[in-house]
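Working notes, structure below.
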Amino acid sequence: MHESVRRIAINTGGGDAPGLNAVIRAVVLSALQRGWECVGIRDGYKGLLEPEAYPEGGTINLTRDSVRGITHLGGTILGTTNRGSPIAYPVLDENGEWVEVDRSDELVDKLKALNIDALVAIGGDGSLAIANVLSEKGIRIIGVPKTIDNDLAETVVTFGFDSAVTFAAEAVDRLHSTAEAHDRVMVVEVMGRYAGWIALHAGVAGTADAILIPEIPYDIERVADRVRQRVARGRDFAIIVVAEGAHAIGGERSVVGKAVGQQERLGGIGHRVADQLAELTGKETRTVVLGHLLRGGGPTTRDRILALRFGSAAVRGIAEGRDGCMVALDPPTVRYVPLSSAIARMKTVPLDCDTMQTARDLGISFGD
Ligand code: F6P
């Protein structure tokens, strides 16, 4: 058994995902129930690294009242950021230029000064890689896998994914009638940097004609063929779902920019595909970019349950003396996996998985 716990901290990092508040509620109530105190860090680690930015303090004492009525709410009551990695923290140097500085030792000192016995870090690959560094520097930590992209390894699914897919599939459903009414090709761009989980699931559920994912570089001619075949069969419209990280064979991902301390921003692939299909098929095309709509709004029931289970399991793990691990869904249970293995690889779509086979059996093209 680990030394006794009196005070834990919790933070949310990276892009938000539906279910964050449900995790926070479960962590706080499970901790309070054990007689522990619970401290929330604002905006990833910014609340500790730049406390002067917060007139009311960079940390919040989380009570029963703080987490009342938040299970169904989107966003995060703690705030989040995807440009505040303590390992590459953006600061202005003496020449007024932004540079990235490693502030992780300072962060470790601040957590210790606050008498934090353990930290629950809720985040995706980037946030959990940071958690792993903090763990190696002596902070007791349990990660909770969050991302709408579902690209974290060692867990069957991340929370947030179901909410994103549910919304994307509904959007695809809605586009069918307008596509058919106008005899158009509708291209729907969804998030999914390195993995095509959202595109695959929304495309299969929404009966798309083609799904383009980062795992399978596409040949636009093959996609155009699929549209032509439909037209030849008297179906004069088509729906193409494209993940933002998809790219043509031999081509590059479509990048719109990069700010200091942030990863590259993707975007534009939907328009590129639509323009090429218009040229190749002669059909009128339109593009719908779902983007951050996929991250907004409340969690589905499935995500609420998963998030609550993850939050409660994180606190149980701390009580059991676990450290340096991540809670992971392994139906029918939640288990603990080392943080190092969760971040060791990206969970991309296995090309031989049964959902891919199902899609192909249904005649959906992947542009290959
Ligand atoms: O949460 C992951 C993700 O949704 C990626 O698919 C996307 O590229 C990224 O977030 C965009 O994040 P932001 O616009 O907040 O920088």
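Tell me whether the range 10-32 contains one or more residues that are part of a helix (DSSP H, G or I), hydroxyl-bearing (Ser, Thr, Tyr), in contact (Cβ under 8 Å) with a residue 12 or more places away in the chain and away from the ligand (no atom under 16 Å from the Cβ). So that I can check it myself, show each step before the final result.
Just the residues of the range 10-32 that are part of a helix (DSSP H, G or I), to begin with: 20-32.
Narrowing further to those that are hydroxyl-bearing (Ser, Thr, Tyr): 30.
Restricting the remaining residues to those that are in contact (Cβ under 8 Å) with a residue 12 or more places away in the chain gives 30.
Still in the list and also away from the ligand (no atom under 16 Å from the Cβ): 30.
Scanning the range 10-32 turns up at least one residue that is part of a helix (DSSP H, G or I), hydroxyl-bearing (Ser, Thr, Tyr), in contact (Cβ under 8 Å) with a residue 12 or more places away in the chain and away from the ligand (no atom under 16 Å from the Cβ).
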Original post:
Within the range 1-51, can you find the residues that are among the basic types (Lys, Arg) and farther than 18 Å from Arg322 by Cα?
Top reply: Arg25, Arg42, Lys46
Original post:
Within the range 33-48, which residues are surrounded by fewer than 24 Cβ atoms within 10 Å (Cβ to Cβ) and within 16 Å of the ligand (Cβ to nearest atom)?
Top reply: Asp43, Lys46
Original post:
Got a sec? Which helices (runs of 4 or more DSSP H) wholly within the range 104-186 have at least 1 residues that are within 15 Å of the ligand (Cβ to nearest atom)?
Top reply: 125-136, 161-182
Subject >> Conditions (1) farther than 21 Å from Glu106 by Cα; (2) of a type in the set (Ser, Thr, Tyr); (3) in contact (Cβ under 8 Å) with a residue 40 or more places away in the chain; (4) out of contact with any strand residue (DSSP E or B) (no Cβ under 7 Å at 6 or more places or on another chain); number of the one not met by Thr76 >> reply: (4)
**OP:** Of the numbered conditions (1) within 16 Å of the ligand (Cβ to nearest atom); (2) part of a loop (DSSP other than H, G, I, E, B); (3) out of contact with any Pro (no Cβ under 9 Å at 6 or more places or on another chain), Gly96 fails exactly one; give the number of that condition.
**Re:** (1)
**OP:** Could you please find all residues in the range 249-281 being free of Cβ contacts under 8 Å to residues at least 40 places away in the same chain and part of a strand (DSSP E or B)?
**Re:** Val255, Val256, Gly257, Arg265
**OP:** Assess whether Thr59 counts as being surrounded by fewer than 16 Cβ atoms within 10 Å (Cβ to Cβ), over 22 Å from Ala88 (Cβ atoms) and more than 16 Å from the ligand (Cβ to nearest atom).
**Re:** no
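Which of the residues that make up the range 255-293 are among the polar types (S, T, N, Q) and at pLDDT below 95? Explain how you work it out, then say what you get.
Taking the range 255-293 and keeping what is among the polar types (S, T, N, Q), we get 262-263, 276, 281, 285, 287.
Passing the criteria: Gln262, Gln263.
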Subject >> Residues satisfying the stated conditions in the range 135-148, i.e. buried (at least 24 other Cβ atoms within 10 Å of the Cβ) and either touching a Phe, Trp or Tyr at 6+ places or on another chain (Cβ under 9 Å) or more than 24 Å from Leu329 (Cβ to Cβ) (or both) >> reply: Ile142, Val144, Pro145, Lys146, Thr147, Ile148
Original post:
Out of the range 83-93, which residues are within 16 Å of the ligand (Cβ to nearest atom) and modelled with pLDDT under 90?
Top reply: Arg83, Gly84, Pro90
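Just checking, which of Arg222, Arg233, Arg272 is crowded, with 17+ Cβ neighbours inside 10 Å and either more than 14 Å from the ligand (Cβ to nearest atom) or more than 30 Å from His72 (Cβ to Cβ) (or both)? Write out each step before concluding.
Numbers: Arg222 fails: crowded, with 17+ Cβ neighbours inside 10 Å; Arg233 fails: crowded, with 17+ Cβ neighbours inside 10 Å.
Within the list Arg222, Arg233, Arg272, the selection yields Arg272.
The values are calculated or read from the model by the stated rules, or taken from the named source; none is laboratory data. Note that the structure is predicted; figures quoted are calculated from it, not measured. We place every Cβ from the backbone using ideal geometry, glycine too, and count neighbours over all the protein chains shown.
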